[in-house]
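J.: My questions all concern the structure below.
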Amino acid sequence: MIGVYIHVPFCRTRCPYCDFNRVRIDGAPPDAFVDALVREIDAFDACREAETVFMGGGTPSLLTPGQLERILEAVRRRFDPKAPEMTLEANPDDVTGALADAWRAAGVNRVSLGVQSFDDTALRYLGRRHDAETARRACGIVAGRFANWSMDLINGAHPASSWPATLSECASFAAPHVSCYGLTYEPGTPFGERAHEAIDDETALACYRRSRELLTGYERYEVSNFAMPGFQCRHNLYYWRNLEYAGFGPGAFSFIDGVRSMNETALEAYLARPGRKTEQLRLSEREIRVETLIQHFRLSEGLSRDAYADRFGRDLDTDFGPGLRALTQRGLLEERDGRFVPTESGFELNNEIGLALVD
Ligand code: SF4
């Protein structure tokens, strides 16, 4: 089984903080893109069944119903998914009842809505096209049609004081899954020039803690992700458990048979040769083991000795004993019934776990 990711790299406007691979466009993506994507999916040559399909971007909600159907038909043809989680990322200002009905008819059973904030000033700061009222309307439409849906929120946008109210409003919609990411000021983006505006570490930590306090009824199952019971994102668990996934579309990553690869990023080059890899890296056994630990320690489930032995045929203590003991002594991990899991500090300072394991 694998996770399938489809990258739809088109957006109507470019949000100034975003460093994803995307192209500005008015209207729907060109059919030439869908043609290329279908060719790439049809040509995939490893024998796998998809457990999850995730259409991300960019803005997959710009696809017409006909384009979406063509893409999902190709996925079904090639990957024969039996009961897949099929997620489509959507921008609030694209959502209409008719379009959401078309997504369902095409087989989408999970929508991830890029709400980001319910505060108009924060949304303007982020350069988003939608306002809070549009986000509320979109939430209502999606919640009325999908039992499984998710809301993306960004903390750290000014005014940072708006964060608790955004969380409370999010909780009132009872989205079964919520992702809360901290705003970053990435070099190479317009926000990269404005890094001095970033909230300080103390305020960022306070925002992080508020998420946990106000999203009652949710489990924080990953550093930045919250789910009601049974609604964890199965697709993203493929990444966090360091399992295999196949990515399609410009700049999409794949991890199959120990090789991490990346598609051609530039749209024109992708259209000319869909599926051509510009980067391919065979990871060593040791690298895969280290990455597996780092990713698992983002999750509340952590990693058990038995799961490690089943996967690698090796002993966790022999491979990583001193590192795990050091992280436990620092209070970042704790051991429970043969399982290492992140502590509260381990969640808040998660990067430190990764750095310690890489050293
Ligand atoms: S809509 Fe999403 S992918 Fe597109 S620019 Fe904004 S944040 Fe980036």
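J.: Over the chain, what is the percentage of antiparallel beta bridges among all DSSP beta bridges, to the nearest 5? Could you put the intermediate results ahead of the total?
T.: Details: 23 of 54 bridges.
Roughly 45 percent of the beta bridges in the chain run antiparallel, per DSSP.
J.: Kindly give Rg over Rh for the stretch 202-359, based on alpha-carbon atoms, with the Kirkwood expression for the hydrodynamic radius. Before the final figure, lay out each step's value.
T.: Values: Rg = 17.8 Å, Rh = 17.4 Å.
Expressed as Rg/Rh, it is 1.02.
J.: Once both labels are modelled 7 Å past Cα along the beta-carbon direction, what's the A269-R129 spacing in nm?
T.: 2.7 nm
J.: Students often get this wrong: which residues of the stretch 231-263 have the backbone nitrogen under 11 Å from the point 7 angstrom along Cα-to-C-beta of R282?
T.: Zone members listed by number: 258-259.
J.: Could you compute the FRET efficiency for A46 and D19, with r as their C-beta to C-beta distance and R0 at 35 Å, rounded to 0.05?
T.: Rounded to the nearest 0.05, the efficiency is 0.75.
J.: Taking the convex hull of the Cα atoms, report for the stretch 287-359 its projected area averaged over all directions, in nm². Walk me through the intermediate numbers first.
T.: Details: hull surface 16.8 nm².
Here the figure is 4.2 nm², rounded to one decimal.
J.: Return P(r) of the stretch 1-61 (all Cα-Cα pairs; 5 Å bins starting at 0; whole %; ordered from short to long distances).
T.: 4, 16, 22, 23, 16, 11, 6, 2
J.: A further question follows. Multiplying the sequence separation of M1 and A28 by 0.36 nm and subtracting their Cα-Cα distance, what value in nm do you get? Let's see the in-between values first.
T.: Values: separation 27, 0.36 × 27 = 9.72 nm, distance 3.17 nm.
So the chain would gain 6.6 nm between M1 and A28.
J.: Could you work out [θ]222 nm for the chain from helices alone, using -39500 (n - 2.57) per DSSP H run of at least four and dividing by all its residues? Round to the nearest 500 deg cm²/dmol. It would help to have the intermediate numbers written out before the result.
T.: On the way: 14 runs with 144 residues, N = 359.
The helix-only estimate for the chain comes to -12000 deg cm²/dmol at 222 nm.
J.: Considering every Cα-Cα pair within the stretch 2-238, what fraction, in whole percent, is farther apart than 26 Å? Spell out each step's value before the answer.
T.: Working: 10765 of 27966 pairs.
Value for the stretch 2-238 (Cα pairs over 26 Å): 38 percent.
J.: I want to make sure I understand the PRE zone here: with the label point 7 angstrom from the Cα of T203 toward its beta carbon, which residues in the stretch 144-173 have backbone N atoms less than 11 Å away?
T.: Label zone hits: 156-163.
Read-outs: derived from the displayed coordinates by stated rules, not from any lab. All of these numbers come straight from a predicted model, not from anything done at the bench. Cβ: placed from backbone, ideal geometry, glycine included. Neighbour counts: every protein chain shown.
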